[in-house]
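The values are calculated or read from the model by the stated rules, or taken from the named source; none is laboratory data. Here the structure is a predicted model, which is why all the values come from computation and not from measurement. Cβ placement follows ideal geometry from the backbone for every residue including glycine, while neighbour counts extend to all protein chains displayed.
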Amino acid sequence: MKEKQNLQLLSGNHAVSWGVKLARPHVAPLYPITPQTPILEKLTEFHSQGELDAELLTPESEHSAMSACVAASLTGARVFTATSSQGLLLMHELLHYASGARAPIVMFNVNRTPGSPWAFWPDQIDSLSQRDTGWIKMYSESPQESLDTVIQAFRIAEKLALPLMISHDAFYVSHAVEPVELPQQELVDNFLPAYNPELRLDTSLGQSFGAPIDQATWNRSRREAGEAMARVENEVLETGKAWGELTGRSYAALENYRTEAADTIIVTMGSMCGTVRDAVDALRDQGTAVGLLKVRQFRPLPVQTLRDSLAGIPSVLVLDRNYSPGMGGILHQELKSALFGMRDAPRVHGLLAGVGGVNVSSNKIQQLVAEYADAKPSNDSVWVE
Amino acid sequence: MDMIDYPDGEQFSPGHVACAGCAEALSLRVILNTLGADAIAVVPPSCTAVICGGYPLSSVSIPVQHTTLESAAASASGVKRSLNALGKTNTTVVCLAGDGGTYDIGLQALSSAAERNEDILYVCFDNEGYMNTGGQKSSSTPLNAITGSTPAGKLSRKKNLVEILAAHRIPYIATCSPAHLSDMSAKIKKAASIRGTKVIMVIIPCLPGWGVADDAAVKTARMAVDSGVFPLYEVEDGVDYTMTIDTRNQSVNAYLKQQKRYRNLSDKNISDIQADVDKEWEYLLGRARK
């Protein structure tokens, strides 16, 4: 194991800002919202101190921020923005627009409950409700992972000409402080190729973007986006591996934690993974064969890898920190769909755990594992009390 | 006769799909040729978006970013900042929007761009309604005008967007008419030479939307200016008003009478409109005299 260098105590949000600074974006339109604002404030601080040489815009809304992101990206700039909850929802129209225009914007979203009623707690429904907008969607568990993923995100997005959204949970990750290893600027410069798109708004080229088209061409635009999506998982793996060679921290679309010979595997995303690791360690100490399958890349959903990872496992518990009224937990539904038709499919229990930011402790997770070990699964997601 | 004198640099091509006789196509031709080749256009949904052409054709030589209806000024800011970051600081970034995308849904983004004094040129083709969707009212539609959403005539007055923009103290605002093309070209040239946010409002009589004859767009625009309904003037730094033409030579009657959208006006309506135009005209002259 490499010795950790250049450690700083950083919150998840400030770790994101450091990652952005190291990635050297050209343009960053930013609009404040709790609990994202520390990302914005750290970036404007870097900028005012001359440490971030980027064009910063502070428009009147997230809608305009994302509009500026799309336009700047199509003009050939590396672009970053950050938001949360209501802000992400206000951007919804432009999220479709960005992916349709194949603008490789990198956005950081801090998962927060949307109103009504007003609340500021960790819940992933804000980003999950943007599931079908054509963005690559990744979920981070810790400040270090958030920093590492932001840098990798530019390489993945720009290579495939797809926008990429990373989310971490409000407060549990956004405001929690931990030692974070800051990579050297030179390392990041070597890791991230310069962004120089062939297609761009440029008076020497004369190309236009987004003109009205016929049915077949619109159809083709989405098929081509789908083809690029099909390359994401491999790109996430290759990029995560290359990052690992430089820093000792490798990443992939999914992560297996102590899943060897497991009777039960817990599948979840974001900050919940940390608590699950603790519960898995405790249960393994007691002789219960439990593991964690962390979903880091949610869109595109790594279907085949999920099937391979869960083949032959007797029982799976999905912990959803989100709720789609009328359907249940979104990861639960996605996983059932991914595993459909498998001969040796596990029993899948969907648990609505932590919706609205309700605390889910390690002890609670250990109880759930015992409770559901031999239970018959329900088709619907079940509320955890 | 006001002869237009400008070089046609072939920035706008024939074969576009504007209605025959459309004054917006005429204005686009003058504006684009005045700006020349070193420009990028941002176009929200509007008649201009259609006139620029469907993929893979384009009637416009410069690159165009088609953006969403409420986003023109924000998108133009993004293009401009990106060009700045890439070292291409001299390229003009021009929004070509309609009044729906400017007075209504795009006003928030425009106000913010103006507040930041983004270095963009914003042209609003003001045909006083959502004419590209078949003719519904916008906040630019004048009092009493019949539209698809105001079948009995609009009950409220037209928003004075120039004053709203002037309150932002941006460096340059001007009004233009397709009946005064040399003036339009001169104002575009002046605006393009200024750093910061510039807004040009162009009155565009819409043939089907206003119910005027196919050959009457330019004539109607001239009557709008001559009657004082749409005065030509400039506002510099939000406070210095200059009248381009400071006389009126006709009442509003003939202007209103030739438009089918005003077919239901009573004599009282017409005299009320005349009184309002007189009042606004005096107010504007007063601003220009200071």
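Condition check ((1) assigned to a strand (DSSP E or B); (2) crowded, with 19+ Cβ neighbours inside 10 Å) across all residues:
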residue	(1), (2)
A:K294	yes, yes
A:L306	no, yes
A:G312	no, no
A:V316	yes, yes
A:L319	yes, yes
A:L331	no, yes
A:E334	no, yes
A:S337	no, no
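Among the residues of the stretch B:194-214, just one is assigned to a loop (DSSP other than H, G, I, E, B) and either in contact with a Gly (Cβ under 6 Å, 6 or more places away or on another chain) or aromatic (F, W, Y) (or both), namely B:D214. Filtering the stretch B:232-256 to residues that are farther than 30 Å from B:N117 by Cα and either touching a helix residue (DSSP H, G or I) at 6+ places or on another chain (Cβ under 6 Å) or surrounded by 13 or more Cβ atoms within 10 Å (Cβ to Cβ) (or both) leaves B:R248, B:N249, B:Q250, B:S251, B:V252, B:N253, B:Y255, B:L256. Residues that are touching a residue at least 60 places away in the same chain (Cβ under 8 Å) and either in a loop (DSSP other than H, G, I, E, B) or under 10 Å from B:A72 (Cβ atoms) (or both) within the stretch B:124-141 comprise B:C124, B:N127, B:E128, B:G129, B:M131, B:N132, B:G135, listed in sequence order. Counting only strands (runs of 3 or more DSSP E) wholly contained in the stretch B:14-113, the ones carrying 1 or more residues that are buried (at least 24 other Cβ atoms within 10 Å of the Cβ), modelled with pLDDT of 95 or more and within 8 Å of another protein chain (Cβ to nearest Cβ) occupy B:39-43, B:64-66. Condition first: closer than 20 Å to B:Q258 by Cβ and of a type in the set (S, T, Y). Now tell me which residues in the stretch B:104-149 satisfy that. Of everything in the stretch B:104-149, those that are closer than 20 Å to B:Q258 by Cβ and of a type in the set (S, T, Y) turn out to be B:S140, B:T141, B:T147. The set of residues from the stretch B:159-209 being farther than 17 Å from B:F230 by Cα, surrounded by 24 or more Cβ atoms within 10 Å (Cβ to Cβ) and in contact with a Phe, Trp or Tyr (Cβ under 6 Å, 6 or more places away or on another chain) comprises B:A191, B:K198.
For A:S221, are the conditions met, namely being over 30 Å from B:N90 (Cα atoms), among the hydroxyl-bearing types (S, T, Y), free of Cβ contacts under 8 Å to residues at least 12 places away in the same chain and touching a helix residue (DSSP H, G or I) at 6+ places or on another chain (Cβ under 9 Å)?
Numbers: over 30 Å from B:N90 (Cα atoms): yes; among the hydroxyl-bearing types (S, T, Y): yes; free of Cβ contacts under 8 Å to residues at least 12 places away in the same chain: no; touching a helix residue (DSSP H, G or I) at 6+ places or on another chain (Cβ under 9 Å): yes.
Considered against the rule, which asks whether it is over 30 Å from B:N90 (Cα atoms), among the hydroxyl-bearing types (S, T, Y), free of Cβ contacts under 8 Å to residues at least 12 places away in the same chain and touching a helix residue (DSSP H, G or I) at 6+ places or on another chain (Cβ under 9 Å), A:S221 comes out as no.
Of all residues in the stretch A:136-178, exactly one satisfies the criterion of being part of a loop (DSSP other than H, G, I, E, B), in contact with a helix residue (DSSP H, G or I) (Cβ under 6 Å, 6 or more places away or on another chain) and more than 21 Å from A:A15 (Cα to Cα), namely A:L162.
How about the stretch A:232-249: which of its residues are outside any helix (DSSP H, G or I) and surrounded by 15 or more Cβ atoms within 10 Å (Cβ to Cβ)?
Result: A:R249, single match.
For the criterion of being within 24 Å of B:A191 (Cα to Cα) and among the β-branched types (V, I, T), B:V42 passes.
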